[in-house]
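The values are calculated or read from the model by the stated rules, or taken from the named source; none is laboratory data. All values derive from a computational prediction rather than experimental measurement. Note: ideal-geometry Cβ built from the backbone for every residue, glycine included; neighbour counts use all protein chains shown. Keep in mind that these areas ignore ligands, DNA and RNA; they rest on the heavy atoms of the full protein, side chains included. Shrake-Rupley method; radii C 1.70, N 1.55, O 1.52, S 1.80 Å.
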Amino acid sequence: MAGKGRRSAVRLTARGAVALALVATLAGYVLTAVLTVPYLVGATFVAASTLGVLLVNRRELLSLVVTPPLVFFCATLFVELGRAFGSVSIVQSLTLGLYTSLTRGAPWLFAGSAIVLGIAWRRGLRDNVRELREELKAGAEVPRPRQPFVPEPEGYFEPRVYGTPRGDD
């Protein structure tokens with residue numbers, strides 16, 4: 001069956017789509033170092049994020065749309081930590097490397113996030129959001145049973161006096 005109605009037999013969970021984007025972004029960093037193509041990291045990130053949102057199960061779209069910035073940051077942090085360990089000042093090198101890499105990758109990050117959101121919206125993100133609202137609303141409407149006030153046992157915080165009082169003999 002060819003045409004518009006054809007669906008891919010491959011379906012990913014949200015975790016699988018996130019792992020795909022993370023591994024592809026890390027591979028983009030490796031390829032950038034080998035081939036010295038500056039925009040390869042962003043291109044692989046956008047491609048993997050797009051592929052992930054196209055292959056993810058529809059019921060997991062809501063979980064997936066919030067992860068592209070986190071995936072990009074984690075991949076960048078991992079790479080910059082590796083680079084920083086070879087320097088004299090690890091903290092300074094890590095900070096400068098993160099700043100530079102995240103600044104250079106910001107347009108790709110925004111593009112990837114926007115594409116993921118747009119595709120997810122077309123695939124049914126709106127229904128996922130509606131279902132979440134209904135679940136939250138139903139959970140808020142259920143009255144919680146009131147717990148009766150149970151005083152602490154007598155003498156719990158007070159010293160007990162044992163025995164009988166002595167008389168003045």
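If you scan segment 47-76, which residues turn out to be outside any helix (DSSP H, G or I), closer than 15 Å to residue 11 by Cα and in contact with a helix residue (DSSP H, G or I) (Cβ under 6 Å, 6 or more places away or on another chain)?
As a first pass, look at segment 47-76 and keep what is outside any helix (DSSP H, G or I): 56-57, 66-67.
Narrowing the set further to residues that are closer than 15 Å to residue 11 by Cα leaves 56-57.
Residue satisfying the conditions is 56 alone.
Please verify whether residue 87 is among the hydroxyl-bearing types (Ser, Thr, Tyr) and closer than 30 Å to residue 131 by Cα, treating the condition exactly as stated. Walk me through it before giving the result.
Details: among the hydroxyl-bearing types (Ser, Thr, Tyr): yes; closer than 30 Å to residue 131 by Cα: no.
No.
Taking segment 1-32, which residues are modelled with pLDDT of 85 or more and farther than 22 Å from residue 118 by Cα?
Matches in segment 1-32: 23, 26, 27, 28, 29, 30, 31, 32.
Return yes when residue 23 is in a helix (DSSP H, G or I), buried (at least 16 other Cβ atoms within 10 Å of the Cβ), hydrophobic (A, V, I, L, M, F, W, C) and over 13 Å from the mean Cα position of the chain (by Cα) and no when it is not.
Working: in a helix (DSSP H, G or I): yes; buried (at least 16 other Cβ atoms within 10 Å of the Cβ): no; hydrophobic (A, V, I, L, M, F, W, C): yes; over 13 Å from the mean Cα position of the chain (by Cα): yes.
Against the criterion (in a helix (DSSP H, G or I), buried (at least 16 other Cβ atoms within 10 Å of the Cβ), hydrophobic (A, V, I, L, M, F, W, C) and over 13 Å from the mean Cα position of the chain (by Cα)), residue 23 does not qualify.
Is it the case, given these coordinates, that residue 88 is open to solvent by 40 Å² or more (accessible area, probe 1.4 Å), outside any helix (DSSP H, G or I) and either touching a helix residue (DSSP H, G or I) at 6+ places or on another chain (Cβ under 8 Å) or aliphatic (A, V, I, L, M) (or both)?
Judged against the criteria, residue 88 is a match.
If you check residue 49 against the conditions, is it small (Gly, Ala, Ser) and open to solvent by 30 Å² or more (accessible area, probe 1.4 Å)? Break it down into steps so the answer makes sense when it comes.
On the way: small (Gly, Ala, Ser): yes; open to solvent by 30 Å² or more (accessible area, probe 1.4 Å): no.
It is false that residue 49 is small (Gly, Ala, Ser) and open to solvent by 30 Å² or more (accessible area, probe 1.4 Å).
Counting only residues that are β-branched (Val, Ile, Thr), assigned to a helix (DSSP H, G or I) and more than 12 Å from residue 104 (Cβ to Cβ), which one in segment 31-46 is most open to solvent (accessible area, probe 1.4 Å)? Before the answer, list the steps.
To start, the set of residues in segment 31-46 that are β-branched (Val, Ile, Thr) comprises 32, 34, 36-37, 41, 44, 46.
Those still in the list that are assigned to a helix (DSSP H, G or I) too: 32, 34, 41, 44, 46.
Right, trim to more than 12 Å from residue 104 (Cβ to Cβ) and you get 34, 44, 46.
Numbers: 34: 106, 44: 33, 46: 22 Å².
By that ranking, first place goes to 34.
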